[in-house]
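What follows is one structure encoded as C-alpha cells, with my remarks underneath.
The values are calculated or read from the model by the stated rules, or taken from the named source; none is laboratory data. This structure is a prediction, so every number in the text was calculated from the model and none was measured. Glycine also receives a Cβ, built like all others from the backbone with ideal geometry; neighbour counts cover every protein chain displayed.
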Amino acid sequence: MKKQIVFALILAIGGSVALVQGQNAINGGGAAAKMAPGGIGSTVADFKLKDANGKSQTLSSVKGSKGTVLIWVSAQCPMVRAYNERIVQLAADFQSQGINVVGINSNSTESADEIKAHASAVHYSFPVLIDKGNKIADMLGAERTPETILLDANNVIVYRGRIDNSASPAMVKTSELRDAVGDVLAGRAVAKPETTAVGCTIKKAA
C-alpha cells in the first residue's frame, strides 16, 4: 500500500514538473523570456559605434556615473523636431545629476553629414552615435524616434518608452522619462517602467 502511495506521489510530481516546463515553453522560457535583450531588467552589453564626428565611442565611454538615457533621434522626423528643445533641456538637467544622454541614429536613409548637421543645428550637447545597419536598434528592440531607454549605473534597463505624453509642450501632463530618472536617482524601483513609444518608424536597412 505504501509503495502504491509513493508511486502515485512520484507520478503527480512528475506531471506537475512537466506542466510547468510546458507552460514555460509556451511563455517563451519563463524568467528567461523576461530577461530578453531590450526588456526591462536586462543588462545592455558594451557596444561600439562611431559618433556624428566619425569618432569611435563605446557605451562605457559615454555612460553616466548614475545612469544613461539612450534616445533614438532623426534628422528628418517631425516628431523629433517637436521634441528637440525638450531633449536638449533634459540632457542638461540629467547630466548635472550624473545621468548622461546619448543619441542614437539608426536610420539608413540619413547620411553621416546630415546627422552631424542636425545635431549641430539643434544644439545637442551629447554625442549622437550612428547605428549603421541598425544593429543596436534591433538588439534593444527600438522601433521609433524619439524612443528612449533608461539604464541604471550598471547598464540594466529600468525604463523604456516615450519621453512624455504629448508632442505639444502645452499638452504635456505626464513626463515618464523624467519621473523614471527621478526614481533611479532616489534609489527606488521605477514606478512606471514601460510606456508605448510614439513617433516616426526607424528606417532600417533591409
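Considering the stretch 98-108 alone, what residues qualify as being surrounded by fewer than 19 Cβ atoms within 10 Å (Cβ to Cβ) and either on the phi > 0 side of the Ramachandran plot or touching a His at 6+ places or on another chain (Cβ under 9 Å) (or both)?
GLY98
Which ones in the stretch 136-152 are among the charged types (D, E, K, R) and touching a residue at least 60 places away in the same chain (Cβ under 8 Å)?
Within the stretch 136-152, ASP138, ARG144, GLU147, ASP152 meet the criteria.
Here is a list: THR68, THR43, THR58. Which entry is surrounded by 12 or more Cβ atoms within 10 Å (Cβ to Cβ), touching a Lys or Arg at 6+ places or on another chain (Cβ under 7 Å) and at pLDDT 70 or above?
One residue alone meets the criteria, THR58.
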